[in-house]
Amino acid sequence: MLRPDSPRLLLLLPTVTYRTVAFIEAARRLGVAVTVASERPSTFERANPAGLVTFDFADPAHAAEQARAFARTHLVHGVVAVDDDTAVVAAAIAEELGLRGNPVAAARAARDKHRQRQLLAAAGVAVPRFELLPTAADPERAARGASYPCVLKPSCLSASRGVIRADTPAEFVAAFERIKRILEQAAPASRSLLVEEFVPGREVAVEGLVSKGALQVFAIFDKPDPLDGPFFEETIYVTPSRLARTAQQEIAACAQAAVTALGLREGPIHAEVRHNHRGAWLIELAARPIGGRCSGALRFDTRETGKGKGETLSLEEIIIRHALDMPIPTLEREAQASGVMMIPVPGPGVLRDVRGVNAAGAVPLIESVEITAHPGQTLVPWPEGSRYLGFIFARGETSEAVEAALRAAHASLEFLLEAAD
Ligand code: ADP
Ligand code: CA
């Protein structure tokens, strides 16, 4: 219940997001007052001036001034960002209002793939060799100078959009032209792309919380489907990881080294790390929680871990507690294995129907099947696309069983597409 002295959280939400409900829900459970800040004025704003505000997300310094003006009438105790873009704004607001958060420079560095590579390489964190290539460069010439296999990618996009592997100079040139076209559409101000050595190996996602610069890892998700390219659309995430304990320790140490090198101090992180015979390699670290709806795969249960009073916490609840400096009963994930499948785009076309959702949901261990694409939607496969059809969640005793359940549920789904004109 809200009381006059309830702490107030400023929640930064881009207009399009899956995450709103989970955060609002968690805040309500915690008795925290929430002000949602977004980029576009809402018609409800006048009716609820304490609950909704509009900030200039494109200009973090300006957004911080707007937050200061708002805080004169409504005391703000914490700020939370939900994605890459708002992470920098949250840092600027935290700095301005003296709240828990990351230094702006660190949040900015995490957001810029080239800057991130520079800082990590300088700090001795294992990263692939990299080079920044202007979009105005001659691709034939760059292709002759590259080593193979390599990966070309935009330095500013996310969700593997525009990330392409090239094994030959001809593939390099094709990838370069393709990324240039993607950038013209998605980020016209962007003038360069990154060319990197391809790092072979198993890939995991690392989820954790940074406090005073120290990273506590609460989950390492295996990505059991090979991510060898040429495109890198994600599918299954399963935790706990089946990698050897020493590999997991190397992965956690690599993520901590990256946090330190970037200068991140407070808040959730999501990192992609690859592991091979030469150890752990940092592919990317973001100063935000796991994306999309996938946070549903994480649950913290103090009953099972024997700490606290026996409650279940969501990731959103932990993030809010941390931002407001409220006690966090546990950072230990529940004892069960858990997994999520991001439903891949079956091909280009217009989605007419998804069949078999009930059958998929009835597969043992499946907790939910959430189709987020809607009939009539034009589906865009990777590397141009970046939106999955939906998500399948499963929990069970072992990671093997969870992975098998996700595959069985996916196999029950049937996607009816029509050719796009
Ligand atoms: P995004 O921000 O779009 O997620 P990433 O840099 O994280 O971009 O790349 C997306 C995916 O592409 C990674 O999770 C990984 O599977 C693959 N990838 C990117 N760079 C490399 C690399 N240098 N070597 C191997 N795989 C890579
Ligand atoms: Ca990534």
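The values are calculated or read from the model by the stated rules, or taken from the named source; none is laboratory data. Just so you know, these numbers come straight off a predicted model, no measurement behind them. Counting neighbours? That spans all protein chains shown, and the Cβs are built from the backbone with ideal geometry, glycine included.
Residues in the stretch 110-143 that are among the small types (G, A, S), over 20 Å from A187 (Cα atoms) and more than 13 Å from ligand 1 (Cβ to nearest atom) were compared, and the one that is surrounded by the most Cβ atoms within 10 Å (Cβ to Cβ) is A143. Please work out if I251 is touching a residue at least 24 places away in the same chain (Cβ under 8 Å), in a helix (DSSP H, G or I), within 16 Å of ligand 1 (Cβ to nearest atom) and not acidic (D, E). For I251, the condition - touching a residue at least 24 places away in the same chain (Cβ under 8 Å), in a helix (DSSP H, G or I), within 16 Å of ligand 1 (Cβ to nearest atom) and not acidic (D, E) - is met. Among the residues of the stretch 260-306, just one is touching a Cys at 6+ places or on another chain (Cβ under 8 Å) and more than 16 Å from ligand 2 (Cβ to nearest atom), namely G279. Within the option set A81, A87, A92, A105, being surrounded by fewer than 22 Cβ atoms within 10 Å (Cβ to Cβ) and either within 27 Å of R161 (Cβ to Cβ) or modelled with pLDDT of 95 or more (or both) holds for one residue only, A105. The stretch 28-103 holds strands (runs of 3 or more DSSP E) entirely within its bounds, and those carrying 1 or more residues that are among the hydrophobic types (A, V, I, L, M, F, W, C), within 23 Å of the chain's Cα centre (by Cα) and over 17 Å from R288 (Cα atoms) map to 33-38. Annotation: S368 fulfils all but one of (1) assigned to a loop (DSSP other than H, G, I, E, B); (2) polar (S, T, N, Q); (3) touching a Gly at 6+ places or on another chain (Cβ under 8 Å); the unmet one is (1).
L157 - would you say it is more than 16 Å from ligand 2 (Cβ to nearest atom), among the hydrophobic types (A, V, I, L, M, F, W, C), buried (at least 17 other Cβ atoms within 10 Å of the Cβ) and not assigned by TED's automatic domain parsing to the domain that holds L379? In short, no.
Within the stretch 146-159, the set of residues being at pLDDT below 95 and among the small types (G, A, S) comprises S155, S158, A159. Scanning the stretch 371-396 for residues that are touching a residue at least 40 places away in the same chain (Cβ under 8 Å), assigned to a loop (DSSP other than H, G, I, E, B) and more than 19 Å from R293 (Cβ to Cβ) yields P381, P383, E384.
Checking A257, A261 one by one, the residue that is under 22 Å from A92 (Cα atoms), among the aliphatic types (A, V, I, L, M) and in a helix (DSSP H, G or I) is A261 and no other.
Among the residues of the stretch 208-215, at least one is surrounded by fewer than 16 Cβ atoms within 10 Å (Cβ to Cβ) and at positive phi.
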